[in-house]
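What follows is one structure encoded as structure tokens, with my remarks underneath.
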Amino acid sequence: MIQFDQQACGDLEAALTREWLETNGIGGFASSTIICLNTRRYHGVLVAATTVPCGRTVLVSKVEETVVVDGRRYELGANQYPGVIHPTGYQYLKQFRLDPFPTFSYEIEGLEIEKSVFMIQGENSTVLQYRLRRQAGSATAVVVLEARPLLAFRDHHSTTHENSSLNPKVQIVDGSVRISPYPGMPQLNVAHDGSGVEPTGHWYRNFEYRAERERGLDFVEDLFNPFTIRFDFNDRVEANLIASTEPHQAAQASTYREAEMKRRRSLASSTPVEEELITTLTAAADQYIVARGNLRTVIAGYHWFGDWGRDTMIALPGLELVTGRYDAAKSILLEFARHVDQGMIPNRFPDEGEQAEYNTVDATLWFFEAVRSLGHYTGDTEFIRANLYAVLADIVDWHERGTRYGIHVDEDGLLSSGEEGVQLTWMDAKVGDLVVTPRRSKPVEIQALWYNAVRVMEQFALEFGDGISRDRYRTLAERAKRSFNLLFWNEGAGCLYDCVKGEERDGSIRPNQVIAASLPYSMLERNKARRVVEVVERSLWTPVGLRTLAPEDPRYRPRCEGGIWERDLAYHQGTVWPWLMGPFITAYVKSHGKTRASRQRAAEWLGAFCAHLSEAGLGHISEICDGESPHTPRGCIAQAWSVAEILRATVEDIFGD
């Protein structure tokens, strides 16, 4: 259980870097810091997915609570305004814990007020529960809790400001309050078991979000308070509030809580190994798997990413297969197979339902590895034969004859790709017309993934009795392997070139080459794979992942901070990506053999992630970190492939057979 005591909660700077996350299985979420001071425009009590799993809309930014004891008022909230934090309710916060929900324990005049927050699965609904415990000497105190919802009602990428277009009218019915602030937006239903509701209609102005200010984005917002709910604690010890796009009864809150507790206990039972890191990441994995229509997909990261093809395929083995969620894995693969077009899976499903984007060369190749992994874990080759084999074969055909963005098999059997101004690999940062790491023609990991893909197809063809195709795939693989070893080995550096373009060889020391040593089907001999791992360890390894560029390179940027331009220039030029620790661990253990010594060293390398679970996104692993110590977490606080690859490598390479 992740928890922080009163001293930790009172350390403002540290508390504001620790963020909790609750999700609802359809793309929506609730999130804030451990002291409920919102530092991001993405924070909110109810961030609804209005076009599942996207269309995220911040409906309720926060709920301000006031405890009144014998007429004395104590504000539990905390907000950043220009030059001041007000109120300072965190001074009453004696503990925050994930148990398993975010739980806040406040202490005031011998009273303990405990608040917990969770979401209802499959709904845009957040439940807040309050419990009062009286200590000796406070038995006769008259206690009232006032709850004031602060509404934003806007896209989660933007901010809102005081305006006359908002309709402040509220509909108060028995046990519920309803408001529809803007046409075309969802109605907010707030169910409660309070003793009274007072319409207010106040704007709270000039909230500041420090994380957005640091990122060079709009960071000032006004929020609207339409009403206050009053809970009298004279003859009760619990109070409930449900903020939702659907009608509810507050009396259902405890039933919803028990259902969610039961669901999480069931998830815990799927933990493949009883070990702290694995147990925590198994629970975290569930929060990325969401609905898309009748099937499933993966949210790439919280708070702002949707479902991306590349991220989904890389994350699938760790999120779904290691944890035994085989039906979810099959559903995801079917969903992406439905959207294959010209031999490519989508790189991204846009937020508002526009046409899917196909601007990636590697997402489709990771698709093959995800299917191979499904077969390995489930043994269900009949599912693959009936639903995916023909799709995969068509993809290979398209890559041979050529598809979008110049993606085609070259005469040497290697996969060439790229056009001017387009970024096709995972190193995809682009600022205006500037592609920061273009890597056109033949990037190293693309060749590794292509070879792995055709070897996977060779094996499937063998299993399915498709002899002609088997011979064809073998020929493709052997031709690629010969050319790869001739063109990509950099003897002087003792590793692989990052990219080959005609006679040009890019000798940048980057982590992409470790993928060539980690995939199940590798073109590298074991000795060369070990040398690759040694170079990567020496130049790129950090306790929280691999740098994207060696520090001795003049283009190296040690920190990913500042505005959009500065951050994008650093994104793949030294910034650490935790997900890369997965293929690094696999490559290390694979090239050194699964000995006790190699597993022990790999386990030591993963030790830092246990500490990381209690910083940034609690219970999760961040998208990126700075290249230099203290490796400050940046980007998304919770990233699917970061969680998935650390989980997969830990289970498969350290604890697996």
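The values are calculated or read from the model by the stated rules, or taken from the named source; none is laboratory data. In this text, all values refer to a predicted model and were calculated from it rather than measured experimentally. Positions of Cβ are backbone-derived with ideal geometry, glycine not excepted, and every protein chain shown enters the neighbour counts. All accessible areas refer to the heavy atoms of the entire protein, side chains included, with ligands and DNA or RNA removed. Shrake-Rupley method; radii C 1.70, N 1.55, O 1.52, S 1.80 Å.
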Restricting the search to the range 293-318, which residues are buried (at least 24 other Cβ atoms within 10 Å of the Cβ) and without any contact (Cβ under 8 Å) to a residue 40 or more places away in the chain? 296
For the structure I just gave you, tell me whether residue 384 is closer than 30 Å to residue 283 by Cβ, in contact with a Leu (Cβ under 8 Å, 6 or more places away or on another chain), at pLDDT 95 or above and β-branched (Val, Ile, Thr). yes
Residue count for the range 9-59, restricted to those that are in contact (Cβ under 8 Å) with a residue 24 or more places away in the chain, not hydroxyl-bearing (Ser, Thr, Tyr) and not in a strand (DSSP E or B): 20
So which residues in the range 235-268 are surrounded by fewer than 17 Cβ atoms within 10 Å (Cβ to Cβ) and of a type in the set (Val, Ile, Thr)? 237, 255
Strands (runs of 3 or more DSSP E) completely within the range 130-201 that count 3 or more residues being open to solvent by 40 Å² or more (accessible area, probe 1.4 Å): 170-173
Criterion (free of Cβ contacts under 8 Å to residues at least 60 places away in the same chain, surrounded by 21 or more Cβ atoms within 10 Å (Cβ to Cβ) and more than 23 Å from the chain's Cα centre (by Cα)) met by exactly one of 602, 570, 597, 587: 602
Just the residues that are out of contact with any His (no Cβ under 7 Å at 6 or more places or on another chain) and under 15 Å from residue 570 (Cβ atoms), please, taken from the range 418-434. 428, 430, 431, 434
Members of the range 258-301 that are outside any strand (DSSP E or B) and of a type in the set (Val, Ile, Thr): 271, 273, 278, 279, 280, 282, 299
Enumeration of residues in the range 88-106 that are within 21 Å of residue 68 (Cα to Cα), open to solvent by 10 Å² or more (accessible area, probe 1.4 Å) and out of contact with any Leu (no Cβ under 8 Å at 6 or more places or on another chain): 88, 91, 94, 95
Of the residues that sit in the range 404-420 and are small (Gly, Ala, Ser) and more than 11 Å from residue 439 (Cα to Cα), which one is most open to solvent (accessible area, probe 1.4 Å)? 406
Take the range 8-50 and flag every residue that is open to solvent by 10 Å² or more (accessible area, probe 1.4 Å) and at positive phi. 25, 36
Name the residues in the range 596-652 that are of a type in the set (Gly, Ala, Ser), farther than 14 Å from residue 542 by Cβ and in a helix (DSSP H, G or I), would you? 597, 598, 602, 603, 640, 644, 649
For residue 565, indicate whether it is hydrophobic (A, V, I, L, M, F, W, C) and surrounded by fewer than 16 Cβ atoms within 10 Å (Cβ to Cβ). yes
